[in-house]
């Protein structure tokens, strides 16, 4: 079992895309999860539905919407290009955006569960002792939900590694630029007799996905232990 | 109340007949680029019922060999038909070249003022001026050059015309030729290479150059009856190759297979 140069490039690109996607989406996911878990406001179910949209839409549709909005001719794509000189179409940055959007709902779900498991009385106690909102979040909430954030990040990373439909629709399948691991698998599947490359890449993907889910489970178990432990002391 | 409504809806859905792939009809597994005219040809078949399932040639070939209920298979690529033939998926004697196609370079219909791409009126002749047609940072939309037949043909021609070094780093390779077409139609790419039939079916693109057939391996769609085919498959294949059917295919821009008058 050996990895050809195209497979190695695809693996490296997938890791870079997934890492950047996860780091970019994580702060936003924490904020969104906090709002959904703790705030009450009109239209909350609409926000919740929007967050989950990438999970239920066919990925090809998500990719096509990205192409229309963030492409060279799209409104957001033109704005990004003029203001910051950022081009997303047919670049690895576009693949990272697609991966971030597809992984976002998974991150929000994991983090929201962790926030909802935190006893609000702990936060209220800190507030009565004079801590401001940010201080409460930074010293009470954040440490308690840290494993949940990690679990969400791992899930989002795994989703980014596996993302195919939106990516290939938005940024195509350019070796070295946008050909991620799943796109490479797809391309090799189209070539008669390329089964060996396919099997290698499939095993690689399986290993990454399995590791991510196992790590995520482990972290989720830790957050449960930690929070129930603290609750008993109150 | 809500629950009983849900149960009612579920019951109705379960009772709906599954029309597509009806048990008494024949199933044609066909390359995606045939959608449109093939549906029309099948609808006009007088001697029986047939429906088509469309997809990439690779997926179709693999599905047929894996036992998909296909009676006839039509692929965009002789390589995959060879693959099927050596594995016993088709009846060898029934195999024939059903259709041909041409490859063309297309550009968006929208003018350069709105798209930001170079205006074709100011550009040098094709194919030698191809780099200028892509502008400063445009990409040539093209099927994946290793795995998509239209991309393989295009690469073969680009290499033969010594244009490959100019465009090799300027490609937007897609998973099928229709995706490349969509990129040009949306003006995300200033130019692309697609089948003549694709260009004709998409009003937002304009053909600017037809790849000379002399520099290309023939673009051919082989068809065959599968090993597990039901009765009537041979008759259906004869119908697909008949003059009446060919008139429908030709109206959509397909060619008669290479080597026929």
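Residues that are part of a helix (DSSP H, G or I) and in contact with a helix residue (DSSP H, G or I) (Cβ under 8 Å, 6 or more places away or on another chain) were ranked within the range B:195-204; the one that is surrounded by the most Cβ atoms within 10 Å (Cβ to Cβ) is B:198.
Listed here are the residues, each with its yes/no results for (1) under 29 Å from residue B:246 (Cβ atoms); (2) crowded, with 24+ Cβ neighbours inside 10 Å; (3) away from chain A (no Cβ under 12 Å); (4) free of Cβ contacts under 8 Å to residues at least 40 places away in the same chain.
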residue	(1), (2), (3), (4)
B:101	yes, yes, yes, no
B:125	no, no, yes, yes
B:164	no, no, yes, yes
B:181	yes, yes, yes, no
B:185	yes, no, no, no
B:191	no, yes, yes, no
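The residue list B:215, B:232 contains one member that is more than 14 Å from every other protein chain (Cβ to nearest Cβ), touching a residue at least 24 places away in the same chain (Cβ under 8 Å) and at positive phi, which is B:232. Go through the range B:205-242 and give me each residue that's under 19 Å from residue B:49 (Cα atoms) and surrounded by fewer than 20 Cβ atoms within 10 Å (Cβ to Cβ). The answer is B:228, B:230, B:231, B:232, B:234, B:235, B:238, B:239, B:241, B:242.
Residues in the range A:137-182 that are facing another protein chain (nearest Cβ under 10 Å), surrounded by fewer than 24 Cβ atoms within 10 Å (Cβ to Cβ) and more than 19 Å from the chain's Cα centre (by Cα): A:174, A:175, A:176, A:177. Among the residues making up the range A:45-64, those that are over 19 Å from residue A:183 (Cα atoms), free of Cβ contacts under 8 Å to residues at least 24 places away in the same chain and assigned to a helix (DSSP H, G or I) are A:45, A:46, A:47, A:48, A:49, A:50, A:56. Scan the range B:193-201 and give yes if some residue there is farther than 25 Å from residue B:248 by Cβ and out of contact with any strand residue (DSSP E or B) (no Cβ under 7 Å at 6 or more places or on another chain), otherwise no. Looking through the range B:193-201, none of the residues is farther than 25 Å from residue B:248 by Cβ and out of contact with any strand residue (DSSP E or B) (no Cβ under 7 Å at 6 or more places or on another chain).
Quick grid of which residues meet (1) under 30 Å from residue B:128 (Cβ atoms); (2) touching a residue at least 60 places away in the same chain (Cβ under 8 Å); (3) surrounded by fewer than 17 Cβ atoms within 10 Å (Cβ to Cβ):
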{"site": "B:60", "(1), (2), (3)": "no, no, no"}
{"site": "B:66", "(1), (2), (3)": "no, no, yes"}
{"site": "B:70", "(1), (2), (3)": "no, yes, no"}
{"site": "B:90", "(1), (2), (3)": "no, yes, no"}
{"site": "B:111", "(1), (2), (3)": "yes, no, yes"}
{"site": "B:115", "(1), (2), (3)": "yes, yes, no"}
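Within the range A:190-199, being out of contact with any helix residue (DSSP H, G or I) (no Cβ under 6 Å at 6 or more places or on another chain) and modelled with pLDDT of 85 or more holds for one residue alone: A:199.
The values are calculated or read from the model by the stated rules, or taken from the named source; none is laboratory data. Treat the numbers as computed from the prediction; the structure is a model and nothing was measured. Neighbour counts run over all protein chains shown; Cβ positions are idealised from the backbone, glycine included.
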